[in-house]
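Enquirer: Take this structure, written in structure tokens, and hold onto it; I'll ask about it next.
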Amino acid sequence: MRLVRFGLPEEERPGVLDASGTVRDASSLVRDWSGNALEVGALRDLARSDVSQLPVAEARSRLGCPIGTPGKIICIGLNYADHAEETGFDLPREPLIFFKSPTALSGPFDPIVIPATANAVDWEVELAVVMGGVARNVRPGEAASLVAGVAVANDVTDRQWQFERGGQWSKAKSADTFAPLGPWLVTLDELPASLDLRIWLRKNDVPRQESRTGRLVFPVSQIVAHLSEFMTLLPGDLVLTGTPQGVAYNKPDPDYLKEGDIITCGIEGLGSQRCEIHAATCAKRTTNPLK
Ligand code: ZN
């Protein structure tokens with residue numbers, strides 16, 4: 001199944017794509033795509049129902065972030081060998097983890113807004129995993145049965161905040177709109193068990209990142225097992241699995257994002273995003289109709 005949320009920001013309703021790709025309103029079945037509604041068993045029951053009977057969403061509806069606010073977003077750093085090399089780090093011996101604020105989430109076609117004091121905003125296309133069960137000290141072999149599905153994410157990062165402002169990486173990764181997610185949450189039964197999928201990102205239509213999720217140093221099953229040693233993962237929690245080579249950072253002349261740039265990115269079978277870059281002042285204008 002492909003799950004979506006549609007409607008205006010903060011008013012999104014849960015939806016599901018039918019066989020023809022039409023968005024159907026699932027709000028008569030679930031309150032939101034969050035928490036227990038994302039349990040693997042609940043999704044399996046839903047998959048058996050006839051979604052073609054559900055009302056069709058308005059054709060021009062905005063697609064929002066495909067899940068409701070998760071309890072936590074955990075990110076894995078340096079999980080592709082070529083990206084660790086380009087950033088000048090050694091490959092971690094265990095998954096390197098940091099948190100991203102859930103308030104960073106935004107829709108797959110929403111603007112990415114550069115905060116007023118940020119000047120080195122970079123991109124990171126990533127495979128995102130949404131939990132569909134409680135994971136506490138699980139083994140890698142059990143992990144897949146606890147995953148609701150996967151989606152495209154962009155782990156937007158300010159490199160100056162990350163490397164020059166001290167403290168932890170969460171600081172550089174958590175601004176509003178720094179986590180476009182979607183367009184869809186795709187359940188695992190729709191995908192090959194290997195999860196070896198093409199992953200790509202273009203800036204202003206120029207290819208910048210191109211890899212396969214099969215090249216993850218720590219694959220999804222190992223990440224879930226590893227995290228569950230240190231914390232309990234709950235249905236709806238989100239895990240970003242790391243980005244491949246091709247970010248702006250560490251280029252001789254990094255072309256960080258600026259107003260008007262367009263980032264498109266996607267993963268085979270999971271759809272693609274298109275986000276325009278706005279400067280903070282520009283966003284203020286568009287959100288205040290009185291000015
Ligand atoms: Zn990342």
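The values are calculated or read from the model by the stated rules, or taken from the named source; none is laboratory data. Values in this document were obtained by computation on a predicted structure and should not be read as measured data. Virtual Cβ from ideal backbone geometry, glycine too; neighbours counted across all protein chains shown. Ligands, DNA and RNA are excluded from the accessible area calculation, which covers all protein heavy atoms including side chains. Shrake-Rupley method; radii C 1.70, N 1.55, O 1.52, S 1.80 Å.
Enquirer: Considering only protein heavy atoms and a 1.4 Å probe, what is the carbon-and-sulfur percentage of the accessible area of segment 65-282?
Expert: 51 percent
Enquirer: Let me ask something additional. Once a ≥ b ≥ c are taken as the square roots of the eigenvalues of the Cα gyration tensor of the chain, is the result rounded (a/c under 1.5), prolate (a/b larger than b/c) or oblate (a/b not larger than b/c)?
Expert: Numbers: a/c = 1.71, a/b = 1.16, b/c = 1.48.
Oblate is the answer for the chain, as a/c is 1.5 or above yet b/c matches or exceeds a/b.
Enquirer: Along segment 40-57, what does the Karplus equation 6.51 cos²θ - 1.76 cosθ + 1.60 (θ = phi - 60°) give for ³J(HN,Hα), rounded to whole Hz, x for Gly and Pro?
Expert: 3, x, 5, 5, 5, 4, 4, 5, 7, 7, 8, 6, 5, 7, 6, x, 7, 5
Enquirer: Per the helix-only calculation at 222 nm, which mean residue ellipticity applies to the chain, given -39500 (n - 2.57) for every DSSP H run of n ≥ 4 and division by its residues, nearest 500 deg cm²/dmol?
Expert: -4000 deg cm²/dmol
Enquirer: Between Thr232 and Arg165, what is the label-to-label distance in nm when each label sits 7 Å out along the Cα-to-Cβ direction?
Expert: Here the modelled spin labels are 3.3 nm apart.
Enquirer: A follow-up question, please. Order of 52-63, 10-21 by packing, highest average Cβ count within 10 Å first?
Expert: Peptide ranking by packing, descending: 10-21, 52-63.
Enquirer: Counting only heavy atoms of the protein chains, get the accessible area per residue of the chain (1.4 Å probe) and round it to a whole Å² value.
Expert: I get 46 Å² per residue for this part.
Enquirer: Segment 183-235 to segment 108-160: how many Å between their Cα centroids?
Expert: Taking the Cα centre of each part, segment 183-235 and segment 108-160 sit 9 Å apart.
Enquirer: Roll a 1.4 Å probe over the protein heavy atoms and report the accessible area of Arg24 in Å², nearest 10.
Expert: 40 Å²
Enquirer: Measuring from label point to label point, each 7 Å out along Cα→Cβ, what is the Arg139 to Phe89 span in nm?
Expert: 3.0 nm
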